[in-house]
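Asker: Before I ask anything, let me first share the structure, which is written out below as structure tokens.
The values are calculated or read from the model by the stated rules, or taken from the named source; none is laboratory data. Please read these numbers as outputs of a predicted model, since none were measured by experiment. Cβ placement follows ideal geometry from the backbone for every residue including glycine, while neighbour counts extend to all protein chains displayed. Quick note on the areas: whole protein, heavy atoms, side chains included, nothing else; ligands and nucleic acids left out. Shrake-Rupley method; radii C 1.70, N 1.55, O 1.52, S 1.80 Å.
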Amino acid sequence: MNNTMRLYLHRMQAMDSALCVSVSHTNQYRIIRDVFRAVSRLGDGLFWYLLMAAIMLVEQGEGLKPVLHMMAAGLTGTLVYKWLKLKTHRPRPFQVRQDVWVVGKPLDHFSFPSGHTLHAVVFGLIAIAYFPVLAFLLIPFMLMVAMSRVILGLHYPSDVLAGAMIGYLIVHCSFLLV
């Protein structure tokens, strides 16, 4: 890698880290901390499981295809993000910087990519593809899940962007197969 590329990557990492610190400091406000803790907790899976159950209840037999699609893509997402975390071993921001204010509990040891964001994109975009009327609910929730990970001090912004991009790629590929 040449010096220009190293300098560029160093600057990007510095911006990512600085933004992480600034955003994590917003959790000093109780309402922000409480709202985004709740959103993150729902993003652990509960929201998506309830959504799939609701689809099955409302759509009955017609709901099976979208729910199976969501489950298969979600499993793929889990395999991809766990593999990437084990390969990259990127520490979480609060493990590297004392000025990142962490107010959430990580589900695993590594930061890259954000599994919460990846799954929010996977489940949200697949549900919207089958039921566009849900976009008004799912798009804000997906964005809030992504934001929660940085606000709670658990991820760098680049982890969240990578999780969203990987989630999108999984969704795109899944529709090529379905």
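Asker: Only residues in region 64-87 that are touching a residue at least 60 places away in the same chain (Cβ under 8 Å) count as the first member; pair them with residues that are open to solvent by 50 Å² or more (accessible area, probe 1.4 Å), Cβ under 6 angstrom, at least 6 apart or cross-chain, and list the lot.
Answerer: P66/Y130; H69/V178
Asker: Further question: Do you know which residues across region 87-102 are touching a helix residue (DSSP H, G or I) at 6+ places or on another chain (Cβ under 7 Å) and either part of a helix (DSSP H, G or I) or not aliphatic (A, V, I, L, M) (or both)?
Answerer: Answer for region 87-102, where residues must be touching a helix residue (DSSP H, G or I) at 6+ places or on another chain (Cβ under 7 Å) and either part of a helix (DSSP H, G or I) or not aliphatic (A, V, I, L, M) (or both): P93, R97, D99, W101.
Asker: What single numbered condition from (1) closer than 15 Å to A129 by Cβ; (2) surrounded by fewer than 19 Cβ atoms within 10 Å (Cβ to Cβ); (3) within 17 Å of the chain's Cα centre (by Cα); (4) among the hydrophobic types (A, V, I, L, M, F, W, C) fails to hold for L75?
Answerer: For L75, the failing item is (1).
Asker: Condition test on L57, is it over 17 Å from the mean Cα position of the chain (by Cα) and of a type outside the set (F, W, Y)?
Answerer: Against the criterion (over 17 Å from the mean Cα position of the chain (by Cα) and of a type outside the set (F, W, Y)), L57 qualifies.
Asker: Another question, if that's okay. Would you confirm whether any residue within region 106-117 is within 16 Å of M52 (Cα to Cα) and either hydroxyl-bearing (S, T, Y) or buried (at least 24 other Cβ atoms within 10 Å of the Cβ) (or both)?
Answerer: no
Asker: Mind checking whether some residue in region 119-140 is modelled with pLDDT under 95 and open to solvent by less than 60 Å² (accessible area, probe 1.4 Å)?
Answerer: no
Asker: What do you reckon, is L84 open to solvent by less than 50 Å² (accessible area, probe 1.4 Å), in contact with a strand residue (DSSP E or B) (Cβ under 9 Å, 6 or more places away or on another chain) and part of a helix (DSSP H, G or I)?
Answerer: In short, yes.
Asker: Criterion first (in contact with a Ser or Thr (Cβ under 8 Å, 6 or more places away or on another chain), in contact (Cβ under 8 Å) with a residue 40 or more places away in the chain and either within 24 Å of L169 (Cβ to Cβ) or of a type outside the set (S, T, Y) (or both)) does V102 satisfy it?
Answerer: It is true that V102 is in contact with a Ser or Thr (Cβ under 8 Å, 6 or more places away or on another chain), in contact (Cβ under 8 Å) with a residue 40 or more places away in the chain and either within 24 Å of L169 (Cβ to Cβ) or of a type outside the set (S, T, Y) (or both).
Asker: Which of the following residues is open to solvent by 60 Å² or more (accessible area, probe 1.4 Å), within 19 Å of D159 (Cα to Cα) and charged (D, E, K, R): R30, R6, R41?
Answerer: Matching residue, one of R30, R6, R41: R41.
Asker: Let me ask something additional. Filter region 116-149 down to the residues that are more than 26 Å from W101 (Cβ to Cβ), among the aromatic types (F, W, Y) and assigned to a helix (DSSP H, G or I) and list them by number.
Answerer: Matches in region 116-149: F123, Y130, F136.
Asker: Taking only pairs six or more apart or across chains, which ones have beta-carbon atoms under 8 Å, a first residue in region 163-174 that is farther than 16 Å from S114 by Cβ, and a second residue that is not aliphatic (A, V, I, L, M)?
Answerer: Within 8 Å, the pairs are S174/H69; S174/T76.
Asker: Got a number for residues in region 80-89 being modelled with pLDDT of 95 or more and within 23 Å of L138 (Cβ to Cβ)?
Answerer: 1
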